[in-house]
1. Please compute the Cα-Cα pair-distance distribution of segment 28-168 with 10 Å bins starting at 0, giving whole percents from short to long.
2. Starting from the 7 Å offset along Cα-to-Cβ, what nm value, one decimal, do you get for the label separation of Val153 and Lys114?
3. Any chance you could run the full-extension gain for Lys44 through Ser160? It's 0.36 nm times the residue separation minus the Cα-Cα distance, nm to one decimal.
4. How much of the DSSP bridge set in segment 28-168 is antiparallel, in percent, rounded to the nearest 5?
5. Which order results if Ser122, Ser46 are arranged by neighbouring Cβ count within 10 Å, fewest first?
6. What dipole magnitude, in Debye to the nearest 20, does segment 28-168 give about its Cα centre under +1 on Lys/Arg Cβ and -1 on Asp/Glu Cβ?
7. What is the magnitude of the charge dipole of segment 89-146 about its Cα centre, with +1 placed on the Cβ of each Lys and Arg, -1 on the Cβ of each Asp and Glu, and no other charges, expressed in debye to the nearest 20?
8. Can you pull out the trypsin sites (Lys or Arg not before Pro) in segment 125-171 that DSSP calls coil and that have at most 13 other Cβ atoms within 10 Å?
Amino acid sequence: MKYKGLILVALIAVAIAALVFLPEQKIYKEVASIGSLAPDFELKDSKGKLWKMSDLRGKVVFINFWATWCTSCKAEMPHKEGLYKKMQGRPFQMLGMLFQDNPRNLIPYFRKYKVSPPTLISPNDEAGRLFGITGVPETFIIDKEGIVREKFVGPREWDSPEIMAEIEKWL
């Protein structure tokens, strides 16, 4: 009983220290949802080129959140390459978005696997929070006006006729 007061003081001190020393976390009012404007971002890709979502208006944008450690992502990579090749010359921009991974892992990954679309780097996975990512792979199709039209959770055969038809309707 005589230690109750001491324990209470210690708990209060720990709570105050946590509030003071823990990093501030941003709270997002909304995450990307079908029918809403896609979150704007300004990120560099693995080669240093700057990309802004708002600069891609007028194109259908395919954003695929992935990671080098993700086996499902590796499995769908050849299908993304197929889609990338089929969409060349069209008003279409394919972007990869590295999620919960170290950008240093990209160099050996790119040596081993063919990855043609730009891969964007989001420090602290902020883009993942803006889009409400819960795991990888997750993919968004954004129309020419910047509206999220499709969300796919899990791997897909992106170059299949069914998926191509889903994307074609927004071109």
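1. Per 10 Å bin, starting at 0, the Cα pair percentages come out as 12, 47, 37, 5.
2. 3.2 nm
3. 38.8 nm
4. Bridges in segment 28-168 are about 60 percent antiparallel.
5. So the residues, fewest neighbours to most, are Ser46, Ser122.
6. 560 debye
7. Computed about the Cα centre, the dipole is about 400 debye.
8. Loop-located and lightly packed - Lys169.
Throughout, read-outs are computed from the coordinates displayed, never taken from laboratory work. This is a predicted model, so every value here is computed, not measured. With ideal geometry, Cβ positions are generated from the backbone for all residues, glycine too; neighbour counts draw on all protein chains shown.
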